[in-house]
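Contents: one structure, followed by commentary.
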Amino acid sequence: MATVLSGYISGRQSGERRAGPVHDALCIAYLIDPAVVRLEHYHVAVDTTGYQNFGRTIVDVRRRSDTEANTWFAVSADPARFFDLLRSTVAQPTHAP
């Protein structure tokens, strides 16, 4: 598993930063331990009429519209808590059927 994760991260390096996207793993971590992510309630919509923004997700983080909040939106994550959970999960032995 470490080899797979290392290859995944190496293939997505940005300049000197050695990191890879972990949004899928973060979503699962939230399901296991909701304290990993801080959520805020915002209005979220997908633009289906505009030209330049067509298909984009629009989040009213400044709460400028009068539209009621409709989505819990992740605004931050606890990296230490997330990586502790990831390490403990990956370190568990697997049992083949």
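Brief remarks follow.
- Neighbours by Cβ (under 6 Å, 6+ apart or cross-chain): first from the stretch 64-89, in contact (Cβ under 8 Å) with a residue 40 or more places away in the chain; second surrounded by 14 or more Cβ atoms within 10 Å (Cβ to Cβ) and of a type in the set (Gly, Ala, Ser): Phe82/Ala29; Leu85/Ala29
- Meets criteria (within 14 Å of the chain's Cα centre (by Cα) and not hydroxyl-bearing (Ser, Thr, Tyr)) for Val90: no
- Filtered residue count, the stretch 60-97, keeping only those that are over 20 Å from Val22 (Cβ atoms) and among the aliphatic types (A, V, I, L, M): 3
- Restricted to the stretch 26-91, the set of strands (runs of 3 or more DSSP E) holding at least 3 residues that are not hydroxyl-bearing (Ser, Thr, Tyr) comprises 37-42, 44-46, 71-77.
- Positions within the stretch 30-86 being in contact with a Phe, Trp or Tyr (Cβ under 8 Å, 6 or more places away or on another chain) and small (Gly, Ala, Ser), in sequence order: Ala69, Ala74
- Residue in the stretch 68-75 that is over 16 Å from the mean Cα position of the chain (by Cα) and of a type in the set (D, E, K, R) present: yes
The rows are residues; the columns are (1) farther than 27 Å from Pro93 by Cβ; (2) loosely packed, with under 12 Cβ neighbours inside 10 Å; (3) at pLDDT 90 or above.
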| residue | (1), (2), (3) |
| --- | --- |
| Ser6 | no, no, no |
| Val22 | no, no, no |
| Asp33 | no, no, yes |
| Ala45 | yes, no, yes |
| Ala80 | no, yes, yes |
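- Among the residues making up the stretch 38-53, those that are charged (D, E, K, R) and in contact (Cβ under 8 Å) with a residue 24 or more places away in the chain are Arg38, Glu40.
The values are calculated or read from the model by the stated rules, or taken from the named source; none is laboratory data. On a predicted model such as this, the values are computed, not experimentally measured, just so you know. Heads up, the Cβs are rebuilt from the backbone with ideal geometry, glycines too, and the neighbour counts pull from every protein chain shown.
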